[in-house]
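The structure appears below as structure tokens.
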Amino acid sequence: MPVIAGFQFSLSVDELLRYQGRVAERPDVKALTQWAIDEAQRLATPAMVYEWFAVHAVEGETARIGDALLQLGPHADLLAPAREALVGVCTIGPALEEQVQALLADERLFEGYLLDAAGVIALAAIVEPMRCIVEEEAARRGWGVSLVLSPGSLVGWTIGDQKVLCTLLDLSAIGVAVTVAGILAPQKSGSGLIAIGPDYEAQCVGSTCHLCTLRHTCWRRH
């Protein structure tokens, strides 16, 4: 089961500033945003574990991937063309969220907020290697790729099903655990799957933001 750790990634100050609204023009906010990005880069210890599995059947709102029967909900048909799927879990480690809690406890609320937001951006950035692995494998076979699907994000696929998805992987290899409720720890961790098959048309992995449960409220929606 492949594990990738300690890889390089980059974060954008402009991206974090973009979500701050009018206050983003203030010099003190710009300076704190740069600090948050630098801290996130310093504290993050990116790691990813993944494996390929056969997609055995997609019926109604369920899909069987490897030995896991996933309750994807009404958008299970996104996997209808799939032959195989890469299932992966990635994390930036616990240090950033520990620092956020320390800042909040010290009543440095804005710094804590900015650092937490930078951690969200960092987690999104470290998913990129998984996308690249899938796109390269699909290209090698002359196949296409699905959108990236994640429990708790895709409408109808509840976070509780994350427990089932994660039984396919050795999360301990990257220091991640999944709670009874299906929450990953450390919190700045994420799971997902991307499928490939000859009947997919896309060559690049797309987002399911338009199908996300938080599509109307997410501060990173696009």
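Residue-by-condition table, conditions (1) among the small types (Gly, Ala, Ser); (2) farther than 16 Å from residue 49 by Cβ:
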residue	(1), (2)
139	yes, yes
143	no, yes
159	no, yes
165	no, no
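Here is a check on your reading of the model: is residue 44 farther than 16 Å from residue 163 by Cβ and either touching a Gly at 6+ places or on another chain (Cβ under 9 Å) or among the charged types (D, E, K, R) (or both)? Yes: the conditions hold for residue 44. Go through segment 83-118 and give me each residue that's buried (at least 17 other Cβ atoms within 10 Å of the Cβ) and either aromatic (Phe, Trp, Tyr) or in contact with a Cys (Cβ under 8 Å, 6 or more places away or on another chain) (or both). Listed by number, the list holds a single entry, 89.
The set of residues from segment 136-173 being in contact with a strand residue (DSSP E or B) (Cβ under 6 Å, 6 or more places away or on another chain), in a helix (DSSP H, G or I) and over 22 Å from residue 67 (Cβ atoms) comprises just one member, 138.
None of the figures in this text is laboratory data; all of them are computed from the coordinates on show. Being a predicted model, the structure only gives us computed values, none of them experimental. Backbone-built Cβ (ideal geometry, glycine too); neighbour counts: all protein chains shown.
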